[in-house]
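Right, one structure below, let's go through it.
The values are calculated or read from the model by the stated rules, or taken from the named source; none is laboratory data. Because the structure is a prediction, the values reported are computed rather than measured. Because the Cβ atoms are built from the backbone with ideal geometry, glycine has one as well, and the counts that use them run over all protein chains shown. We work out accessible area using only protein heavy atoms, side chains counted, and drop any ligands, DNA or RNA first. Shrake-Rupley method; radii C 1.70, N 1.55, O 1.52, S 1.80 Å.
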Amino acid sequence: MHENLFKINEKEYILPGSRACQGCGLSIAYRYILKALRENTIVAIPPSCLCVLHGLYPNTSVTVPALNITFAGNAASASGIVAALTALNRPDITVLALSGDGGTYDIGIQSLSGAAERNTDFIFACYDNEAYMNTGTQRSGATPMGAVTTTTPVLTKKDHKKDFIRIMEAHNIPYIATVSPAYPIDLYEKFVKAKRIKGTRYIQIDTPCPPGWGYPAKDTVKIGKLAVETGIFPLLEIEDGKLRLTGRSNTLSVKGKRMPIIHYVERQMRFRKMSIEQLNQLQSWVDKRWNDFTNRADN
Ligand SMILES: Cc1ncc(C[n+]2csc(CCOP(=O)(O)OP(=O)(O)O)c2C)c(N)n1
Ligand code: SF4
Ligand SMILES: [Mg+2]
């Protein structure tokens, strides 16, 4: 079934006035995630911008129950919530562990790997703003090569982003997907689908961040679209090992033409110190990954 904007759940689960920055890609994504998962959802949150978005006790802008978890332990604590719900015979409640890239690629990887190995019945979603934003933009394992952060201030980040999709694939979990707030219907459909699947579901969300990436707040959707148009962030899903490109990425793989990565890079101040050599290396990295995915795709 394909949803369209008029079929998306009209109810809002995030009230006006959250503490996220203007133009925050995470807040757009989170709005659609909760619309897809609906009220019977418990969210586990590690220290991050999501924590800030939720607000300080006793005030919150979010209407579903949420627990603040330690940084390394989000997947472990969420596993505990799943176990408690099983004991209470409440299969109707979805557990969503939602971590930043720092809380997934780096600090949260061991508890996530353990939960995925056990095929814990939850959705683990990583909103990837490609740095430790809440503490002022330190580099993470998800920061792209060539970006300036407060811990790579002069020479930029030297290594490519970790390929977390492949790390999660190695766990043989039933469902993996990538989504972007710039494509809300694709995002909504994948979370609706994930809600129905049993076992560990991993969803990676590209969440552009105006202050951390250095672009005007009004351009979040534009930057998200450029990530897909250039192929640096392909939209895909992997179900029981079968990879499928979705939405705009599928169209691009069949008949479109990917834009060169320069169109994405030149709009973001974080790449202001990137050398031509690094730009070429990033383009090759994007091309190789894109070819790997399109060659494998079973659409
Ligand atoms: C063990 C531990 N180390 C460091 C911190 C400080 N800290 C809080 S939020 C944060 C950044 C989180 O980065 P990420 O997971 O990418 O989420 P984002 O802030 O980008 O949303 C850090 C380093 C902490 N709370 N606990
Ligand atoms: S720093 Fe970035 S991710 Fe964090 S609230 Fe602001 S826009 Fe969102
Ligand atoms: Mg982050």
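Just to be sure, is Asp106 on the phi < 0 side of the Ramachandran plot, open to solvent by 40 Å² or more (accessible area, probe 1.4 Å) and away from ligand 3 (no atom under 11 Å from the Cβ)? Considered against the rule, which asks whether it is on the phi < 0 side of the Ramachandran plot, open to solvent by 40 Å² or more (accessible area, probe 1.4 Å) and away from ligand 3 (no atom under 11 Å from the Cβ), Asp106 comes out as no. Contact map, the range 14-27: first residue at pLDDT below 90, second residue open to solvent by less than 30 Å² (accessible area, probe 1.4 Å) and in a loop (DSSP other than H, G, I, E, B), Cβ cut-off under 7 Å, separation 6 or more or different chains; pairs are Gly17/Ser61. If you go through the range 46-66 and keep only what is more than 10 Å from ligand 1 (Cβ to nearest atom) and either surrounded by 15 or more Cβ atoms within 10 Å (Cβ to Cβ) or acidic (Asp, Glu) (or both), you end up with His54, Gly55, Thr60, Ser61, Val62, Val64, Ala66. For the range 109-137, taking the residues that are over 12 Å from the mean Cα position of the chain (by Cα) and near ligand 1 (Cβ under 7 Å from one of its atoms), the one that is surrounded by the most Cβ atoms within 10 Å (Cβ to Cβ) is identified as Ala131. Checking the range 206-219 against the condition returns a match, with at least one residue being at pLDDT 95 or above and touching a Pro at 6+ places or on another chain (Cβ under 6 Å). Being within 16 Å of ligand 3 (Cβ to nearest atom), open to solvent by 10 Å² or more (accessible area, probe 1.4 Å) and either under 24 Å from Met168 (Cβ atoms) or in contact (Cβ under 8 Å) with a residue 12 or more places away in the chain (or both) is a property that does not hold for Gly224. The set of residues in the range 151-177 being in contact with an Asp or Glu (Cβ under 7 Å, 6 or more places away or on another chain) and either open to solvent by less than 10 Å² (accessible area, probe 1.4 Å) or farther than 18 Å from Phe122 by Cα (or both) consists of Tyr175, Ile176, Ala177. Looking only at residues in the range 28-45 that are within 16 Å of ligand 1 (Cβ to nearest atom) and of a type in the set (Gly, Ala, Ser), which one is nearest to Arg201 (Cα to Cα)? The extreme case among them is Ala44. Among the residues making up the range 213-233, a single one is among the small types (Gly, Ala, Ser), away from ligand 1 (no atom under 16 Å from the Cβ) and over 17 Å from Ser249 (Cβ atoms): Ala217.
Here's the yes/no breakdown for (1) away from ligand 3 (no atom under 16 Å from the Cβ); (2) farther than 23 Å from Ile109 by Cβ; (3) assigned to a loop (DSSP other than H, G, I, E, B); (4) not hydrophobic (A, V, I, L, M, F, W, C):
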position: Phe6; (1), (2), (3), (4): yes, yes, no, no
position: Lys11; (1), (2), (3), (4): yes, yes, yes, yes
position: Pro16; (1), (2), (3), (4): yes, yes, yes, yes
position: Cys21; (1), (2), (3), (4): no, yes, yes, no
position: Tyr32; (1), (2), (3), (4): yes, yes, no, yes
position: Ala36; (1), (2), (3), (4): yes, yes, no, no
position: Val43; (1), (2), (3), (4): yes, no, no, no
position: Leu50; (1), (2), (3), (4): no, no, no, no
position: Leu67; (1), (2), (3), (4): yes, no, no, no
